[in-house]
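I have placed the structure first, in the form of structure tokens, so that the comments after it can refer back to it.
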Amino acid sequence: MRVLIIGSGGREHALAWKLAQSPHAEAIFAAPGSDGMARVAVCLPDVAVLDVAAQIAAVRQQRIDLVVIGPEDPLAHGVSDKLRAAGIAVFGPSAAAARLESSKGFARAFMARHGIPQPRFEVCGDAESAQRAIRARGGKCVVKADGLAAGKGVAVCAREAEAFAALSEMMDARRFGAAGARVVVEDVLAGEEASYLVVTDGERIVPLAPAQDFKRALDGDRGENTGGMGAYAPAPLVSEAIEKRVLEEIVHPTLRGMRADGMPFSGVLYVGLMIDASGAPSVVEFNCRFGDPETQVLVAQMDGDLLPMLDGAARGELDASLPARGEGAAMCVVLASGGYPREFEKGKAIRGLSAAEQIPGVVVFHAGTKKADGEFVTNGGRVLGVTARGANFAEARERAYAAADRIAYEGRQFRRDIGARALAR
């Protein structure tokens with residue numbers, strides 16, 4: 001098969017790396033791709049993620065059998081719908097189904113309608129109503145931009161002043177653009193977070209290994225929310241009993257509800273979970289594509305062939321018996337630019353990439369890099385996803401941090417406590 005991946009980040013690099021290992025893969029292409037992906041994919045730098053006409057032309061020219069959409073933006077903009085209308089097999093939901101991610105207010109209303117466990121919430125179209133919702137919670141709340149904000153439009157607040165400041169950034173300063181024109185104010189859920197992803201054709205599912213990611217910028221879950229500073233899988237928090245509840249109370253009701261509402265969901269359903277002390281799961285958020293950096297650890301930990309899974313889901317013929325989990329564990333440490341998730345500089349020379357990948361089980365996925373004069377330099381907020389697999393979690397973690405320490409560039413920042421709690425379980 002010949003596969004085209006839409007996107008250019010660390011998630012797309014990880015997907016290309018895994019799909020290229022399939023015995024069914026004749027060639028892997030990426031649009032636009034990146035310099036870091038060039039080892040595993042033929043990059044099409046002139047084909048942008050929202051340029052459907054160029055994508056269709058590339059599909060015809062390169063004889064593509066399957067298109068895999070990585071980021072959320074093209075899904076929200078209906079790229080999958082337009083490609084399907086042109087007779088192309090696509091892995092990724094329709095724009096209507098992708099509203100589970102592209103509008104947090106839509107997702108909350110959907111969950112309320114279908115009895116899916118979630119926090120108490122209010123959707124607010126103006127600052128005054130949002131302020132009332134914040135005051136009603138005594139300032140202890142979560143304030144979310146309704147639209148897409150690259151994972152950063154969420155503020156978990158302990159006091160009114162903090163919540164009002166976050167609200168002002170979203171609605172007045174428009175830090176996240178049009179995404180902050182409407183906000184959702186929610187109760188703060190108690191418990192521990194986990195990420196649960198299933199590949200689905202709308203009816204059948206293949207559950208991937210439960211993962212845990214780390215959104216806060218600094219050690220100890222301090223600092224601002226980011227797109228993700230690290231992840232590991234499998235997450236021991238999600239026991240067999242909890243996984244059974246997640247499937248019965250969240251995943252299957254969501255897929256049934258989407259079908260009932262006339263927008264069947266196919267692709268990856270990503271459930272961001274909060275699991276309380278009793279083991280009860282609630283939905284923090286839905287995503288409609290592979291997570292980043294969860295994808296890096298899921299593909300590294302997976303022994304099975306990803307390509308038949310994605311192709312089957314795209315064609316409505318998913319084989320639910322396909323293996324999606326491997327032995328051992330995997331962990332990813334994200335190396336970011338200084339200042340991320342706020343302002344940061346680009347163009348910093350990166351050293352030590354080859355040395356990092358000399359450690360057994362380590363692969364470095366490129367998220368925000370490019371080549372300048374033949375060498376890699378930084379070109380984004382999240383720069384690299386240093387990913388390691390090991391026979392157990394302790395070994396994967398040791399390898400990931402050893403590899404991260406071999407990489408250097410000016411302003412490099414990363415968390416030192418990814419997965420620390422897992423070691424104590």
In the stretch 366-425 the accessible area split gives carbon plus sulfur, as whole percent at 1.4 Å, a share of 42 percent
Starting with the highest mean, order 387-397, 69-79, 40-50 by the number of other Cβ atoms within 10 Å, averaged over the residues of each peptide. 69-79, 387-397, 40-50
Amide proton proximity set for Phe265, modelled H, under 5 Å, gap of 5+: Arg259
Given a Förster distance of 56 angstrom, what is the FRET efficiency for Ala391 paired with Arg222, based on the Cβ-Cβ distance and rounded to 0.05? 0.95
If R0 = 41 Å, then Ser168 and Arg416, at their Cβ-Cβ distance, give a FRET efficiency to the nearest 0.05 of 0.80
What distance in nm lies between label points placed 7 Å from Cα along the C-beta direction at Asp126 and Arg425? 4.7 nm
Sequence-distant or interchain residues sharing an amide H contact under 5 Å with Leu208, placed H: which? Leu197, Val198, Val199
Which cross-chain or sequence-distant (5 or more) residues have an amide H under 5 Å from the amide H of Lys370, H modelled 1.01 Å from N in plane? Val377, Asn379
Could you state the principal axis extents of the C-alpha atoms in the stretch 3-90, from the largest down, to the nearest angstrom? 30, 23, 19
Per DSSP, loop GluC sites (Glu not before Pro) in the stretch 252-329 with at most 11 further Cβ within 10 Å: Glu317, Glu327
Quick check for me: using +1 on Lys/Arg Cβ and -1 on Asp/Glu Cβ, what's the dipole size of the chain about its Cα centre, in debye to the nearest 20? 380 debye
Of the stretch 10-34, those with amide N under 17 Å from the point 7 Å along the Cα→Cβ vector of Ala54 are 29-34
State the extension gain, in nm to one decimal, for the chain segment bounded by His77 and Ala320, taking 0.36 nm per residue of separation less the distance between their alpha-carbons. 84.6 nm
So if I average 1/r over every pair of distinct C-alpha atoms in the stretch 258-348 and take the inverse, what Kirkwood radius in Å does that give? 16.5 Å
Label-point gap, in nm, between Glu357 and Arg159 - each point 7 angstrom along Cα→Cβ: 4.8 nm
From the phi angles alone, apply the Karplus equation (6.51, -1.76, 1.60; θ = phi - 60°) to the stretch 242-253 and give each ³J(HN,Hα) in whole Hz, x where the residue is Gly or Pro. 5, 4, 4, 5, 4, 5, 6, 9, 10, 5, 5, x
Under 10 Å, Cα contacts only: if you run a Gaussian network model on the chain, which one of Leu19, Leu269, Leu247 comes out with the highest mean-square fluctuation? Leu247
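The values are calculated or read from the model by the stated rules, or taken from the named source; none is laboratory data. Quantities reported herein were computed from a predicted structural model and do not represent experimental measurements. Positions of Cβ are backbone-derived with ideal geometry, glycine not excepted, and every protein chain shown enters the neighbour counts. Remember, those area values only see protein heavy atoms, side chains included, never the ligands or the DNA or RNA. Shrake-Rupley method; radii C 1.70, N 1.55, O 1.52, S 1.80 Å.
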